[in-house]
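The values are calculated or read from the model by the stated rules, or taken from the named source; none is laboratory data. Since the structure is predicted, the reported quantities are computational estimates derived from the model, not experimental observations. FYI the Cβ positions are ideal-geometry reconstructions off the backbone, even for glycines, and counts take in every protein chain you see.
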Amino acid sequence: MTMRLSALFLALSLGVAGTALAQEQTPPDWNGQTLGSPHRGGTLRLTADGPGGTLDPQVNYGTQYMQVFVNMYDPLLTFREARGPSGLDVVPDLAEAMPTISPDGLTWTLHLRSGLKFSDGSPVRVEDVVASFRRIYRVGSPTAASFYGGIVGAKECLDAPDHCTLPGVEGHPDGTIIFHLTHQDGEFLYKLAFPHAVILPAGISSHDLGNVTAPGTGPYLITHYDPEHGMLLERNPYFHVWNPQAQTDGFVDRIEYSFGLSDEAQITAVEQGQYDWMLDAKPSDRLGELGAKYTSQVHIEPLLGLYYLAMNVHEKPFTDQRVRQAVSLAVNRHAMTILFGGSAISEPLCQMVPHGIPGADLGLSCPQNLEEARRLVREAGAEGQTVTLVVPNRAIELGMGTYLRNVLQQIGLKAQLRPITAGLADSYEQNTANHVQIALAYWFADYPSASTFLDDLFGCDNYHPNSAISPNFTGFCDQHVQSLFEQAKAQTDPAKAAPIWQEAGHEIMRQMPGAPMIQMKTIDFVSKRLGNYCSTLLSHMLFSHVWVK
C-alpha cells in the first residue's frame with residue numbers, strides 16, 4: 001500500500017466517520033449528569049508507549065498527562081468541552097461566573113463556587129486558590145514566568161520562590177478572589193484557564209510531586225500508578241456537576257491506562273479489542289489498513305499542532321544562522337507530509353504557528369533549494385561537521401528522521417540519527433546537559449494565540465538551562481523579538497496584536513531557531529465498543545465523554 005493510497009483511504013474514512021460523529025457529538029445527558037444513562041459504567045482501556053512524566057499538574061507540560069489531568073483537576077476558568085471553534089471559548093469552572101475586569105485591565109475579580117470538595121473530601125476554599133497560584137512559583141512551573149509573571153509580586157516569587165507571598169492574589173472570606181496585574185495582559189483570561197492554574201489543596205507539597213497524585217476536583221482520581229506499567233483512574237465520590245460546559249460526570253466508572261506497547265503493537269491491540277484507544281501516532285504503513293478495514297473506528301480531527309526541527313543556537317554548527325537557514329531550505333515539506341501519512345492528515349507548514357490561530361498567518365512559501373543550502377553550509381565553514389538528530393523512537397518519527405538525516409548529509413553535514421524512547425524524548429531534548437544539537441519535535445497550542453508557539457518555544461522566559469522542562473530548548477533569546485512578544489501580549493484587541501505577532505513570526509523565520517515542517521491532524525483509532533467519541537482542539541479526545549459498550 002503506497003502512502004498516496006493510504007491518504008485516499010483516510011480521506012474516505014473521514015467522510016464516513018465524520019457522519020457518525022455528527023450524529024453522536026452531543027451526549028444524551030448533556031446536562032453533565034450521566035446517572036441513569038444506559039451508557040454509564042464499564043472500563044475505558046487506553047494504551048501508550050510509555051509514561052508521560054511527573055503527576056504534578058502544575059509542572060507537567062506534556063500532552064499525554066494533560067489529557068488525563070483535565071478529568072481530575074479544575075482551574076477557576078476553563079475551555080468549553082465542545083468540538084470545533086466553540087472549544088476555544090473560556091467558561092466558568094470553579095468560579096461562579098466570568099471575571100469582572102477593571103477599566104484599566106489591572107484588576108480581575110472572580111467568586112469561588114460554594115459546596116466544592118476535593119477528592120479527599122476536604123472543602124475547596126479561597127485559601128486553596130491563593131496557595132495554588134503561589135505554588136506555581138514555588139514548585140517551578142515551566143509557565144511561572146511566561147504566563148503568570150505579570151501578577152503583582154510574581155517577580156519576587158520568581159527571584160526567591162521559597163519566600164513567595166504573591167500579594168497580587170487576594171482571597172476573601174465571602175469567596176471573592178482578586179488578581180492584581182502589573183500591566184495589561186490580553187491573554188490573562190486564557191492563562192487562568194490553562195491547566196497549570198488548577199486549584200489544589202493548600203497543604204500540598206511545594207516540591208514536584210513526581211509519582212504522587214494530588215487531590216483534585218474533577219470526576220476522576222488516580223487510585224493506582226506504576227510508571228512502568230500504567231495507571232488506574234476511578235470515580236471521584238465527591239464530584240458533582242456544577243457547570244456541564246466545564247466538567248461532565250463521566251460515563252465510564254474506571255479508566256485503565258497501560259504502558260509498554262510499541263505504536264505498531266498498539267494498533268493491533270485496538271484492532272483486536274484489547275484496548276479502546278491508543279495515544280501514539282499511527283505508523284504510516286498501517287494507515288491504509290485502518291482506512292480500508294476499520295473506517296467507522298477512525299476519527300480524523302483538526303489540530304492546532306506542528307512538527308518542527310528545533311536547532312540549538314548554543315551548539316555548533318547551529319550557532320551560525322546560515323546553517324539553520326540551510327536546514328530549512330534543504331527540506332522538501334511535501335515529502336514530510338507523505339512520510340507522515342499523506343495530504344489527508346497533514347500539510348506543509350512554512351511558519352512557526354499552525355494555520356487556524358487567529359491573526360498569525362504569514363503567507364510564506366518554502367520551496368526546497370538544496371544548492372543554496374549547500375552554499376550556506378560551505379560559507380559558514382560547517383561542511384563535514386558532525387550532527388546528531390534526536391527523534392522519538394516511534395515508526396512515524398523514525399521514518400521522518402531517516403529522511404531528515406539524509407537531507408543533512410546532502411547539504412554537507414556528517415549526520416547521524418539518535419532515537420529516544422518517545423515518553424522521554426521531550427525531557428531529554430529540553431535538558432541542556434544533554435547538548436542536543438537538533439531534534440525533530442512537535443508542539444500543540446496551549447490556547448488560541450500565536451504566543452503559545454512563538455513565545456513558548458522561543459521566548460527568553462521559557463529557556464531553563466539544566467532543567468528537563470525547558471520548552472525553548474533551542475536556547476534562542478533575542479531582545480527585539482522578546483519585546484515584540486510582550487507588545488503583542490499586552491494588546492487587549494486581537495486585531496492590534498495580529499500585526500505584531502506577524503512581525504515576530506517573520507523574524508523567527510529569518511533567524512530560524514526552529515524550522516517548521518508540517519501541520520498535522522489528529523488520527524484517533526478507537527475500538528468497536530467505544531461510543532460517543534468527542535474531541536476538542538485543545539484537549540483532544542475527552543475521556544469523560546466517551547462510553548464503552
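Some values worked out for this structure:
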{"quantity": "Residue within segment 359-369 that is surrounded by 19 or more Cβ atoms within 10 Å (Cβ to Cβ), over 20 Å from the mean Cα position of the chain (by Cα), under 19 Å from A310 (Cα atoms) and of a type outside the set (F, W, Y) present", "calculated": "no"}
{"quantity": "Matching residues in segment 487-502 - criterion: being surrounded by 16 or more Cβ atoms within 10 Å (Cβ to Cβ) and either in a helix (DSSP H, G or I) or modelled with pLDDT of 95 or more (or both)", "calculated": "A488, K489, A490, A497, A498, I500, W501, Q502"}
{"quantity": "Test result for G401, in a helix (DSSP H, G or I), closer than 25 Å to P51 by Cβ and free of Cβ contacts under 8 Å to residues at least 40 places away in the same chain", "calculated": "yes"}
{"quantity": "Candidate set: segment 410-427, residues that are without any contact (Cβ under 8 Å) to a residue 40 or more places away in the chain and not aliphatic (A, V, I, L, M); chosen: the one nearest to F340 (Cα to Cα)", "calculated": "P419"}
{"quantity": "Those residues of segment 302-318 which are over 13 Å from F458 (Cβ atoms) and more than 15 Å from the chain's Cα centre (by Cα), in sequence order", "calculated": "L309, H314, E315, K316, P317, F318"}
{"quantity": "Neighbours by Cβ (under 6 Å, 6+ apart or cross-chain): first from segment 245-265, on the phi < 0 side of the Ramachandran plot; second outside any strand (DSSP E or B) and of a type in the set (S, T, N, Q)", "calculated": "T248/S544; D249/Q33; D249/T34; F251/T34"}
{"quantity": "Residues within segment 462-486 that are surrounded by fewer than 20 Cβ atoms within 10 Å (Cβ to Cβ) and part of a helix (DSSP H, G or I), tallied", "calculated": "5"}
{"quantity": "Selection count where residues are over 18 Å from G514 (Cβ atoms) and crowded, with 19+ Cβ neighbours inside 10 Å, scope segment 338-358", "calculated": "6"}
{"quantity": "Residues (more than 18 Å from P75 (Cβ to Cβ) and touching a residue at least 40 places away in the same chain (Cβ under 8 Å)) located in segment 139-160", "calculated": "G140, A145"}
{"quantity": "Residue match in segment 171-192 (condition: in contact (Cβ under 8 Å) with a residue 40 or more places away in the chain and closer than 17 Å to G52 by Cβ)", "calculated": "no"}
{"quantity": "Every pair of residues 6+ apart whose Cβ atoms lie under 6 Å, when the first sits in segment 471-493 and is under 23 Å from Y308 (Cβ atoms) while the second is assigned to a helix (DSSP H, G or I) and β-branched (V, I, T)", "calculated": "L484/I500; A488/I500"}
{"quantity": "Yes/no for K528 being in a loop (DSSP other than H, G, I, E, B), among the charged types (D, E, K, R) and surrounded by fewer than 20 Cβ atoms within 10 Å (Cβ to Cβ)", "calculated": "yes"}
{"quantity": "Segment 320-376: number of residues that are farther than 26 Å from P85 by Cβ and of a type in the set (D, E)", "calculated": "3"}
{"quantity": "Strands (runs of 3 or more DSSP E) lying entirely in segment 35-129 (those with 1 or more residues that are out of contact with any helix residue (DSSP H, G or I) (no Cβ under 8 Å at 6 or more places or on another chain), surrounded by fewer than 17 Cβ atoms within 10 Å (Cβ to Cβ) and not assigned by TED's automatic domain parsing to the domain that holds F239)", "calculated": "107-111"}
{"quantity": "Hits in segment 215-250 (condition: β-branched (V, I, T), farther than 15 Å from L76 by Cα and crowded, with 18+ Cβ neighbours inside 10 Å)", "calculated": "I222, T248"}
{"quantity": "Selection count, segment 302-318, where residues are buried (at least 22 other Cβ atoms within 10 Å of the Cβ) and among the charged types (D, E, K, R)", "calculated": "0"}
{"quantity": "Tally, over segment 319-332, of residues that are surrounded by fewer than 23 Cβ atoms within 10 Å (Cβ to Cβ) and of a type in the set (D, E, K, R)", "calculated": "2"}
{"quantity": "Segment 251-283 - residue that is of a type in the set (G, A, S) and part of a helix (DSSP H, G or I) and, of those, surrounded by the most Cβ atoms within 10 Å (Cβ to Cβ)", "calculated": "A269"}
{"quantity": "Any hit, segment 446-455, residues being closer than 26 Å to D263 by Cα and surrounded by fewer than 24 Cβ atoms within 10 Å (Cβ to Cβ)", "calculated": "no"}
{"quantity": "Residue in segment 207-214 that is farther than 16 Å from N60 by Cβ and outside the structural domain of T452 (by TED's automatic domain parsing) present", "calculated": "no"}
{"quantity": "Residue in segment 301-313 that is touching an Asp or Glu at 6+ places or on another chain (Cβ under 9 Å) and of a type in the set (D, E) present", "calculated": "yes"}
{"quantity": "Residue in segment 142-177 that is surrounded by the fewest Cβ atoms within 10 Å (Cβ to Cβ), counting only those that are assigned to a helix (DSSP H, G or I) and of a type in the set (D, E, K, R)", "calculated": "D162"}
